[in-house]
1. Restricting to the range 23-45, and then to whatever is loosely packed, with under 12 Cβ neighbours inside 10 Å and assigned to a helix (DSSP H, G or I), can you tell me which residue is nearest to the chain's Cα centre (by Cα)?
2. Which pairs have Cβ atoms under 8 Å, sit 6 or more apart or on different chains, and link a residue in the range 36-48 that is more than 17 Å from R70 (Cα to Cα) to one that is of a type outside the set (A, V, I, L, M, F, W, C) and assigned to a loop (DSSP other than H, G, I, E, B)?
3. I'd like the full set of residues that are surrounded by 13 or more Cβ atoms within 10 Å (Cβ to Cβ) and within 19 Å of the chain's Cα centre (by Cα), limited to the range 147-160.
4. From (1) under 16 Å from the mean Cα position of the chain (by Cα); (2) buried (at least 16 other Cβ atoms within 10 Å of the Cβ), pick out the condition that doesn't hold for M48.
5. What's the total number of residues in the range 16-30 that are among the aliphatic types (A, V, I, L, M) and in contact (Cβ under 8 Å) with a residue 40 or more places away in the chain?
6. If I ask for residues that are within 22 Å of A138 (Cβ to Cβ), assigned to a helix (DSSP H, G or I) and polar (S, T, N, Q), which ones from the range 164-179 would you list?
Amino acid sequence: MIKRAVFARELGVPIIMHDYLTGGFTANTSLAHYCRDNGLLLHIHRAMHAVLYRQKNHGMHFRVLAKALRMSGGDHIHAGTVVGKLEGEREMTLGFVDLLRDDFLEKDRSRGLFFISLKTGSLCQFGGGTLGHPWGNAPGAVANRVALEACVQARNEGRDLAREGNDILREASKWSPELADACEVWKEITFDFDPVDKLDKETK
């Protein structure tokens with residue numbers, strides 16, 4: 001793991017990603033120290049988290065995992081979202097982020113700085129939506145950038161992203177062939193379903 005981080009640094013990569021659950025907390029702490037000492041940002045991914053906390057009768061809640069991660073270290077955390085394939089209940093998802101930003105621990109950037117999800121400080125990670133574009137990776141990145149800027153502009157204009165999201169993207173696609181083709185390819189996909197993650201009080 002450290003060898004890969006060293007190799008990434010030698011290539012000039014500014015940020016690396018670590019799956020802290022599959023890698024383990026001890027390994028994550030070692031990697032966090034290496035990144036801090038060598039000027040790298042550490043993005044924390046949470047692969048395998050659903051096995052631990054989405055079953056209601058066993059496992060470990062993500063709040064606990066998030067607290068442990070805060071002590072372990074990192075710069076960004078993959079906290080999920082309230083839309084798309086990473087669905088989650090809005091208040092609970094925001095609660096993960098609030099939990100990480102509470103003052104019950106002294107704030108220390110060297111042990112993990114976490115952003116406010118769904119607001120101006122968000123970090124957007126585009127994976128399959130970029131690489132799966134029918135024209136290739138670069139047009140996929142263009143489509144994502146156009147979509148993101150269109151949504152930011154719409155938000156600044158006071159539009160309801162949750163209700164008008166599709167219309168906003170369709171409008172933007174009129175002057176972006178990359179986004180237009182992406183919208184055509186994935187037009188049948190929907191994420192209109194109830195989230196599996198619910199607030200504790202709703203599942204008791």
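Read the figures in this text as sums done on the coordinates, not as results from a lab. Source: prediction; values computed, not measured. Cβ coordinates were reconstructed from backbone atoms using ideal geometry, including for glycine residues, and neighbour counts include every protein chain displayed.
1. To start, the set of residues in the range 23-45 that are loosely packed, with under 12 Cβ neighbours inside 10 Å comprises 26, 37-39.
Checking the rest, the ones that are also assigned to a helix (DSSP H, G or I) come to 26, 37.
On the way: T26: 22, D37: 24 Å.
Ranking the candidates gives T26 first.
2. Every condition considered, the pairs that remain are L40/P14.
3. The initial filter retains those residues of the range 147-160 that are surrounded by 13 or more Cβ atoms within 10 Å (Cβ to Cβ), namely 147-148, 150-151, 154-155, 159.
Once the filter is applied, which keeps residues that are surrounded by 13 or more Cβ atoms within 10 Å (Cβ to Cβ) and within 19 Å of the chain's Cα centre (by Cα), the range 147-160 yields A147, L148, C151.
4. So M48 meets the others, but not (2).
5. We begin by selecting, within the range 16-30, every residue among the aliphatic types (A, V, I, L, M); these are 16-17, 21, 27.
Narrowing further to those that are in contact (Cβ under 8 Å) with a residue 40 or more places away in the chain: 21.
Adding up the residues that qualify gives 1.
6. Start the filter on the range 164-179 by keeping residues that are within 22 Å of A138 (Cβ to Cβ), which leaves 169, 172-179.
Checking the rest, the ones that are also assigned to a helix (DSSP H, G or I) come to 169, 172-173, 177-179.
The one that is within 22 Å of A138 (Cβ to Cβ), assigned to a helix (DSSP H, G or I) and polar (S, T, N, Q): S173.
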